[in-house]
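Visitor: Before I ask anything, let me first share the structure, which is written out below as structure tokens.
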């Protein structure tokens, strides 16, 4: 399940070179638990573009619309900064009140519309 649809009090914190996503996530029993995910372990900078599976990115946080979009100015190889964005719900999910990062997206295709 995309985490933002089952979350309260979503925050992004940057301290001591760590970038933490924190939220109260709904568990299967309907209660909520606080969960954190270190974004430095799942998002990186590839020449000014966000990259899933990378590491260590400098982040400036901005607001979002209805999707959990992370905006940042990322340093390119030539030293210039480039504005970039990434939808956190593409790979970060809520599994029974805990953040889970999925490196791969699973697609299911049904032939002819039949199951």
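Visitor: Give me the one-decimal nm value for the distance between modelled label points at residue 71 and residue 90, 7 Å along each residue's Cα-to-Cβ direction.
Guide: Computed distance between label sites residue 71 and residue 90 equals 1.8 nm.
Visitor: Assuming R0 = 25 Å, what is the FRET efficiency of residue 78 and residue 20, from their Cβ-Cβ distance, to the nearest 0.05?
Guide: Values: r = 30 Å, r/R0 = 1.18.
Once the sixth-power term is evaluated, E becomes 0.25.
Visitor: Also: By how many nm would the segment from residue 11 to residue 98 grow when fully extended, if each residue of separation counts as 0.36 nm and the alpha-carbon distance is taken off?
Guide: Length gained between residue 11 and residue 98: 29.8 nm.
Just so you know, all these numbers are worked out from the coordinates, no wet-lab data involved. Bear in mind the structure is a predicted one, so any value in this text is a computation, not a measurement. Here the Cβ is made from the backbone with ideal geometry for all residues, glycine too, and neighbour counts use every protein chain on show.
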